[in-house]
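To start, the structure itself, in structure tokens.
The values are calculated or read from the model by the stated rules, or taken from the named source; none is laboratory data. What you see is a predicted model, and the numbers here were worked out from it, not measured in a lab. Please note: Cβ atoms are built from the backbone with ideal geometry, for glycine as well, and neighbour counts cover all protein chains shown. Side chains included, ligands, DNA and RNA excluded: accessible areas come from the protein's heavy atoms. Shrake-Rupley method; radii C 1.70, N 1.55, O 1.52, S 1.80 Å.
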Amino acid sequence: MDKDCLIKKLDKQIKICKKCYRYKTRNIAISGNGNIFSKIMIIGESPGKEEDLKGEVFVGKSGIILNNLLKKINIKKKEVYITNILKCYKPNAPTTKEISSCINYLKQQLDIIKPKILVCLGKYANNEIFKIFNFPIKKISEIHGKSFSFGKIKIISLYHPAYALHNSNILKILKKDFKKILLF
Ligand code: URA
């Protein structure tokens with residue numbers, strides 16, 4: 001089966017998933033959006049209210065910031081693949097149980113899409129990607145903007161755009177860190 005078919009098959013499974021109670025608070029499960037042939041995969045935390053209504057990742061306030069950050073490095077949102085650790089909306093932060101129910105979907109997305117550059121936004125994406133690749137987990141404040149290699153895969157840790165919404169200093173750091181994606 002080719003990449004397109006495999007991703008569509010996985011998307012169908014995600015859409016009807018009831019492995020955790022987030023299915024009760026979601027309008028729609030969102031597997032991810034963008035170009036499955038891109039070498040860049042951006043990973044966030046979970047869909048927000050806006051995303052849940054529109055059925056697309058990063059279309060709310062954080063999405064505006066992410067779009068601007070991508071524009072600054074001449075990348076269009078649709079050119080990269082964007083997903084989240086959790087595929088369903090709930091107003092609360094992810095729980096360990098929710099993450100363990102959902103993380104296999106991300107692992108399958110990684111297997112199918114085979115991105116070369118993983119851009120991790122925020123602590124949840126950072127922690128889970130580091131766990132998948134067997135790196136010791138570190139705080140984003142210590143490792144933001146740094147990259148880690150796993151064979152031919154580069155992993156870069158960044159602050160979550162939502163954190164930059166009301167913090168101009170974090171936005172400045174994010175803008176600077178984002179440029180490093182181009183160095184890969
Ligand atoms: N925040 C995320 O982490 N992901 C989204 O899709 C939207 C907001």
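Could you list all residues from segment 117-149 that are at positive phi and either assigned to a loop (DSSP other than H, G, I, E, B) or open to solvent by 60 Å² or more (accessible area, probe 1.4 Å) (or both)?
Correct list: N134, G145.
If L106 passes every condition in (1) of a type in the set (A, V, I, L, M); (2) touching a helix residue (DSSP H, G or I) at 6+ places or on another chain (Cβ under 6 Å); (3) in a helix (DSSP H, G or I); (4) under 26 Å from K146 (Cα atoms) but one, which one does it miss?
Checking L106 against (1) of a type in the set (A, V, I, L, M); (2) touching a helix residue (DSSP H, G or I) at 6+ places or on another chain (Cβ under 6 Å); (3) in a helix (DSSP H, G or I); (4) under 26 Å from K146 (Cα atoms), the one that fails is (2).
Tell me, please, whether a residue that is part of a loop (DSSP other than H, G, I, E, B), more than 12 Å from the chain's Cα centre (by Cα) and at pLDDT 95 or above can be found in segment 78-89.
Looking for residues that are part of a loop (DSSP other than H, G, I, E, B), more than 12 Å from the chain's Cα centre (by Cα) and at pLDDT 95 or above, one finds at least one in segment 78-89, hence yes.
If I36 satisfies every condition in (1) touching a strand residue (DSSP E or B) at 6+ places or on another chain (Cβ under 6 Å); (2) without any contact (Cβ under 8 Å) to a residue 60 or more places away in the chain but one, which is the exception?
(2)
Read through the list (1) more than 12 Å from the ligand (Cβ to nearest atom); (2) in contact with a Gly (Cβ under 7 Å, 6 or more places away or on another chain), then give the number of the only condition that K76 fails.
It is condition (2) that K76 fails.
Any idea which of I30, I40 is within 12 Å of the ligand (Cβ to nearest atom), modelled with pLDDT of 95 or more and among the β-branched types (V, I, T)?
The conditions single out I30.
Can you give me the number of residues within segment 49-74 that are assigned to a loop (DSSP other than H, G, I, E, B), open to solvent by 20 Å² or more (accessible area, probe 1.4 Å) and not acidic (D, E)?
3
Surrounded by 18 or more Cβ atoms within 10 Å (Cβ to Cβ), within 24 Å of I132 (Cα to Cα) and within 12 Å of the ligand (Cβ to nearest atom): is that true of L106 in this structure?
no
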